Amino acid sequence: MTAKLFTPIQLGGVTLPNRVVVSPMCQYSADDGSMTDWHLMHLGTMACSGAGLFVVEATNVTREGRITHGCTGLYSDHNEAAMARAVQVYRGITTRPIGIQVGHAGRKASAQVPWIGGKALGRAESPWETVAPSAIAFGEGWHVPRELSKEDLRQLLDAYVGAAERSKRIGFDVLELHSAHGYLLHQFLSPLANQRTDEYGRNRMKFPLEVAQAMRDVWPRERALGIRINATDWMDGGWMPEDAVAYAKELQRIGFDFICVSSGATVPHAKIPAGPGFQVAFAERIRNEARINVRAVGMIASPQQAEDIVASGKADMVAMARAFLDDPRWVWHAAERFGVKVDYPPPYARSHPSLWPGAALKQN
Ligand SMILES: Cc1cc2nc3c(=O)[nH]c(=O)nc-3n(C[C@H](O)[C@H](O)[C@H](O)COP(=O)(O)O)c2cc1C
C-alpha cells in the first residue's frame, strides 16, 4: 500500500504531489529586504528536495516589519525583482509548487540575526521604531513599540495587499499568511500583547480577519491560500486552543484552503513542553472542529513519524524545518524507505541507491 505521505493533496487550485512541506525558514541573508545569492542556493537546493511544497521564509510587507536587517520583504520593486530571480531558479529545476509566507514582525521587529544573539538591536546597530497593537514590549530589554493608530492599520492593510500583489506577479502558487509565533497578526490575537480599548482590542480577531479577507479578495482561487496560526501561547491568560478553533472557523468561512498549526513565541518566558510531534494534537483538533485542511509542524523528523501523522488522519500534511536544513534529501530517503518512486533531478539521478550495488560505475 502506498504511503499516505506520498499521495497528492489538493489545496484550492494547486495539487501538491505529496504531503511533505518545507516549512518557511528565515535565512537572515537579504539586503534591505531583497533576496541575495544565498537565496539562489537555498531555493535551488529546496527545488531538488522532492517536497510537495516549499514555502519561502517570512517575508515582510513593510520595511519596518522585518524581524532583522537580513529579513526578506516585498515592499519595493527591487525586492520583487530579486525574489523573481530566485523563484526563476526554482522553476528552472522543478515543476513542484512554491509558496511564500507574508508577515510583519510588529513588536518583535528590529532584532539582531540569531547568530549575533537575536536580541533587540542596540543603539549602534541601526535599530528602528517598532509598532504593535499596544505599547507593550515583547520582553525585558526589547523595544517598546508604538501603538498603531487606525490610520496605521489602514495603511498596513494596503501593505499586505501590496505584498500579495507582488507575490502574485512573481508567480507563487501558494500564499501563506503569518499569523503565528508572536508576530504582528498574532500580537493582535493574544491578550498578552493586545490591550487596546477600541474595537481592535474588544474584538482581537478583527484586524487579523480584515487582513485575511483582503488576502482572499486579492489571491486567485486557482492558486492556494493558507495561514500559519498559533494554537496556544503556552501562558495563563494568553491565547488558548479554544480561541484558535474559533479563529480557524472564521478562516475556513473566509475561504482559506489550509491552516498550519504551530504555537509559542508570544512572550520569551513561556514554558513550552516541546517534544516529538508536540503540536500535532492541536492540528488534529482544528481539522476536526473547523473542517479545513491542516498542516502539522514541530519536531517531526522521521519518515515513519510523518507517515503516522497523515495516515492516522491527524493532519493532512506535515511541515518540517530543521530536518530539511540537516538533510535536503529527506524526501528521497523517505521515498526509498516506503518503496515509492520519486523523480530525482536528472543530473543527480545516478545517486539513487538502486543504482549502487552491482551497477557498473560509469566513469565520465
Ligand atoms: C532557521 C529557521 C528559520 C525559521 N523561520 C521561520 C519563518 O520564517 N516563518 C515561520 O513561520 N517559522 C519559521 N521557523 C519555524 C519553523 O518553520 C518550524 O515551525 C519550527 O522550526 C518547528 O519545526 P521543526 O521542528 O521541523 O524545525 C523557522 C525555524 C528555523 C529553524
Shape call for the range 189-243 from the C-alpha gyration tensor, a ≥ b ≥ c root eigenvalues: rounded (a/c under 1.5), prolate (a/b greater than b/c) or oblate? oblate
Rounded to the nearest 20 debye, dipole of the range 225-301 from Cβ charges on Lys, Arg, Asp, Glu: 220
Work out, step by step, the length gained on full extension between residue 81 and residue 15: first 0.36 nm times the residue separation, then minus their alpha carbon distance; give nm to one decimal. 21.1 nm
State, as an integer percentage, the relative contact order of the chain based on alpha-carbon contacts under 8 Å between residues 6 or more apart. 17
Once you place label points 7 Å from the Cα toward the Cβ at residue 158 and residue 291, how far apart are they in nm? 3.9
Theoretical ellipticity at 222 nm over the chain - DSSP helices of four or more residues, -39500 (n - 2.57) apiece, nearest 500: -10000 deg cm²/dmol
Overall Cα dimensions of the chain, principal axis frame, Å, largest first: 71, 43, 38
If you place +1 on the Cβ of every Lys and Arg and -1 on the Cβ of every Asp and Glu, how big does the dipole about the Cα centre of the chain come out, in debye to the nearest 20? 680
Mean-square fluctuation maximum in Gaussian network of the chain, Cα pairs under 10 Å, restricted to 275, 182, 139, hits 275
Residues other than residue 199 with Cβ under 13 Å of its Cβ, Lys/Arg counted +1 and Asp/Glu -1, net out at +3
Taking Cα atoms only, helix 280-290 is inclined relative to the longest principal axis of the chain by an angle, in degrees rounded to 10, of 70
Taking Cα atoms, the helix 77-93 axis meets the longest principal axis of the chain at an angle in degrees (rounded to 10) of 20
Gyration tensor verdict on the range 244-348 (Cα atoms; rounded if a/c is under 1.5, prolate if a/b is larger than b/c, oblate otherwise): prolate
What FRET efficiency comes out for residue 213 versus residue 147 if R0 is 25 angstrom and r is the Cβ-Cβ distance? Round to the nearest 0.05. 0.60
Beta bridge orientation in the chain: antiparallel %, DSSP, nearest 5: 10
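Any read-out appearing in this document is the output of simple, stated calculations on the displayed coordinates, not a laboratory observation. Just so it is clear, the structure is predicted and the values come from calculations on it, not from any experiment. In this analysis, Cβ positions are derived from the backbone assuming ideal geometry, glycine residues included, and neighbour counts consider all displayed protein chains.
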